[in-house]
Amino acid sequence: MESRTFVLKHKLPIARVEKYWKGLEEGKVYGTVCKICGAKYYPPQVDCSKCFNSEVEWVEISGEGTIECFTQLHSFPQGFEFVGKPYTIAVAKFGDFKVMGWYEGEIPKVGEKVRIKTGKDETGVWKVYFEPVG
């Protein structure tokens with residue numbers, strides 16, 4: 001039985017978090033910290049879901065992080081067929097922020113040190129990438 005193509009297209013309301021998307025183009029990754037309760041968010045949020053405040057500070061996430069978990073995809077979700085080969089998505093901890101990104105290199109190890117960077121994929125979309133340190 002042949003499957004049907006299923007297409008979803010999302011229009012993301014980015015006006016309030018535009019700093020994040022512009023940052024990716026400048027090689028920077030941002031999170032937010034609530035000025036009232038101190039909650040930290042990545043991806044960034046401008047409305048705190050803990051104290052319902054809208055006063056946040058933008059914080060650049062940089063330096064070295066540590067891989068906490070990862071998965072390697074061999075079956076591509078719709079919209080990612082362009083990758084054409086297995087790829088790895090990882091979560092790395094950078095201080096108080098946990099960031100998800102595309103891992104560059106062989107299969108990572110939990111506890112491995114990585115650097116965060118940004119770049120465009122084959123379709124021109126800006127993304128977060130991790131590269132091994134050393």
Over the range 96-114, the set of residues open to solvent by less than 100 Å² (accessible area, probe 1.4 Å), closer than 26 Å to residue 38 by Cα and within 13 Å of the chain's Cα centre (by Cα) is 97, 99, 101
Within the range 29-79, residues being open to solvent by less than 80 Å² (accessible area, probe 1.4 Å), farther than 18 Å from residue 103 by Cα and of a type in the set (S, T, N, Q) number 5
Within the range 29-58, residues under 14 Å from the mean Cα position of the chain (by Cα) and not in a strand (DSSP E or B) come out as 42, 43, 44, 45
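Answer yes or no: is there a residue in the range 76-83 that is β-branched (Val, Ile, Thr), out of contact with any helix residue (DSSP H, G or I) (no Cβ under 6 Å at 6 or more places or on another chain) and farther than 30 Å from residue 5 by Cα.
Just the residues of the range 76-83 that are β-branched (Val, Ile, Thr), to begin with: 83.
Retained after the next criterion (residues that are out of contact with any helix residue (DSSP H, G or I) (no Cβ under 6 Å at 6 or more places or on another chain)): 83.
Checking the rest, the ones that are also farther than 30 Å from residue 5 by Cα come to none.
Scanning the range 76-83 turns up no residue that is β-branched (Val, Ile, Thr), out of contact with any helix residue (DSSP H, G or I) (no Cβ under 6 Å at 6 or more places or on another chain) and farther than 30 Å from residue 5 by Cα.
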message: Tell me whether the range 49-58 contains one or more residues that are touching a Cys at 6+ places or on another chain (Cβ under 8 Å), free of Cβ contacts under 8 Å to residues at least 24 places away in the same chain, charged (D, E, K, R) and more than 25 Å from residue 129 (Cβ to Cβ).
response: yes
Within the range 75-129, of all residues that are among the hydroxyl-bearing types (Ser, Thr, Tyr) and in contact (Cβ under 8 Å) with a residue 24 or more places away in the chain, the one nearest to residue 19 (Cα to Cα) is 118
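Which ones in the range 1-28 are among the aliphatic types (A, V, I, L, M), open to solvent by 100 Å² or more (accessible area, probe 1.4 Å) and under 17 Å from the mean Cα position of the chain (by Cα)? Let's see the steps before the verdict.
Let us first name the residues in the range 1-28 that are among the aliphatic types (A, V, I, L, M), namely 1, 7-8, 12, 14-15, 17, 24.
Add one more test, that the residue is open to solvent by 100 Å² or more (accessible area, probe 1.4 Å), and what stays is 1, 7-8, 12.
Result: 12, single match.
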Of those in the range 115-134 that are open to solvent by less than 100 Å² (accessible area, probe 1.4 Å) and part of a loop (DSSP other than H, G, I, E, B), the residue nearest to residue 64 (Cα to Cα) is 133
Taking the range 69-88 and keeping only residues that are modelled with pLDDT of 85 or more, under 16 Å from the mean Cα position of the chain (by Cα) and part of a loop (DSSP other than H, G, I, E, B), one is left with none
Those residues of the range 80-95 which are of a type outside the set (Phe, Trp, Tyr) and either outside the structural domain of residue 132 (by TED's automatic domain parsing) or surrounded by 12 or more Cβ atoms within 10 Å (Cβ to Cβ) (or both) amount to 83, 88, 89, 90, 91, 92, 93, 95
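The values are calculated or read from the model by the stated rules, or taken from the named source; none is laboratory data. Everything numeric here is computed off the predicted structure, so don't read it as measured data. Virtual Cβ from ideal backbone geometry, glycine too; neighbours counted across all protein chains shown. Ligands, DNA and RNA are stripped out before the accessible areas are found, and what is left, the full protein with its side chains, is counted by its heavy atoms. Shrake-Rupley method; radii C 1.70, N 1.55, O 1.52, S 1.80 Å.
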